[in-house]
Amino acid sequence: MRIDVAWAKIPKGGFGESGDTIELVERPLGGISLILADGQGSGPAAKRISRLVSMKAVSLIADGSRDGAVARAVQDMLYTAREGRVTATLVVLSCDMHTNTVVIARNTPVPVLIRQENVVFRLEGGSEVIGTYRKTRPAMTELPLIPGTILLTFSDGVINAGKRFGKSLPWDMIEQELQSLEVKDLEEWVNDLMTRTLALDKDRPSDDVSIVALGIRSDVQNAIRTLSASIPY
């Protein structure tokens, strides 16, 4: 199998730094985890929170912790460090080659869209943001690792895009596109989704916007690993 990862992000209009953090980490027993953390607010203060959360998750995953334990430990760390006064959202999308499963850990009100065996469905509800309550737990989902699977999630800047102009993304159409999308075209599609999201706010987003996606496809011919990035400063 081959795992494809794509993401796009941009800060809130007028801010030089996004309060969202995205990290990619290889799992020690095989596979990868994609982490999206969204700190409370926007700008440098939110970035410090989201980076604290995401780097703790990276460290624990790299040490071999399971995703549910990772999310709980990150929640406890943030609650203790900031005494319950700061919140963040956290999503961990994992392809675990050791268990041959896809694992989704959610502490966010934002949905995760899943395409598996040409059916698109949503994971939403049943989870709380981290940092406020001592006993907050993640919503956990585990699915079989099947070629053709796509996982898609985003920060709340995507959900809120266009609201000030009375507009929103056409989610029915997006789910239809996801249903027929080739995994190899994932990066191009994520970039196009970002373009459509920004257009709703006339290219000046009212919140930090991040889109992350992970896809699995069959590939027995090529062992080469590639990664590309385009990062403005």
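Ellipsoid fit via the Cα gyration tensor, the stretch 12-73: semi-axes of 25, 11, 7 Å, each the root of five times an eigenvalue, largest first. Cross-link candidates for K202: which aspartates and glutamates have Cα within less than 18 Å, leaving aside residues fewer than 8 places away along the same chain? The qualifying aspartates and glutamates are D156, D192.
Using DSSP to call loops (not H, G, I, E or B), can you name the GluC sites (Glu not before Pro) in the stretch 1-88 whose Cβ has at most 16 other Cβ atoms within 10 angstrom?
Numbers: sites: E17, E23, E26, E83; in loops: E17, E83.
Filter output for the stretch 1-88: E17, E83.
Could you tell me which of rounded, prolate or oblate describes the stretch 1-113, using a ≥ b ≥ c as the square roots of the eigenvalues of the alpha-carbon gyration tensor, with rounded for a/c under 1.5 and, failing that, prolate when a/b is larger than b/c and oblate otherwise?
Values: a/c = 2.17, a/b = 1.43, b/c = 1.52.
Taking the square roots of the gyration eigenvalues as a ≥ b ≥ c, the stretch 1-113 is oblate.
For M173, the accessible surface of its heavy atoms amounts to roughly 100 Å² (probe 1.4 Å, protein chains only, rounded to the nearest 10). Local charge for I104 was computed over the other residues whose Cβ lies under 10 Å away, with Lys and Arg +1 and Asp and Glu -1, and equals -1. Of the peptides 127-134, 187-194, the order by per-residue mean of other Cβ atoms within 10 Å, starting with the highest, comes out as 127-134, 187-194. Only Lys, Arg, Asp and Glu carry charge here, each on its Cβ (+1 for the first two, -1 for the last two); on that basis the stretch 151-233 has a dipole of about 220 debye about its Cα centre. Within straight-line reach of K47, meaning a Cα separation under 14 Å, sit the following aspartates and glutamates at least 8 residues removed in sequence or on another chain: E17, D20, E23, D38, D207, D208. Return the aspartates and glutamates within reach of K135: Cα separation strictly under 14 angstrom, same-chain partners fewer than 8 residues apart disregarded; answer none if there are no such residues. In chain and number order, the partners are D76, E83.
With contacts taken as Cα pairs under 8 Å and at least 6 residues apart, the chain reaches a relative contact order of 26 percent. Here's how it looks for L145: its modeled amide H is under 5 Å from those of T101, V102, which are all 5 or more places away or on a different chain. For the pair R164 and E142 in one chain, pulling the backbone fully straight at 0.36 nm per residue adds 4.3 nm over the alpha carbon distance.
By its C-alpha gyration tensor, with a ≥ b ≥ c as the square roots of the eigenvalues, how is the stretch 123-233 shaped: rounded for a/c under 1.5, else prolate for a/b larger than b/c, else oblate? Oblate is the answer for the stretch 123-233, as a/c is 1.5 or above yet b/c matches or exceeds a/b.
Principal axis extents of the C-alpha atoms in the chain (largest first, rounded to whole Å): 48, 40, 35.
The values are calculated or read from the model by the stated rules, or taken from the named source; none is laboratory data. On a predicted model such as this, the values are computed, not experimentally measured, just so you know. Neighbour counts are summed over all protein chains in view; Cβ atoms, including those assigned to glycine, are modelled from backbone coordinates with ideal geometry. Protein only, heavy atoms only, side chains kept; ligands, DNA and RNA dropped before computing areas. Shrake-Rupley method; radii C 1.70, N 1.55, O 1.52, S 1.80 Å.
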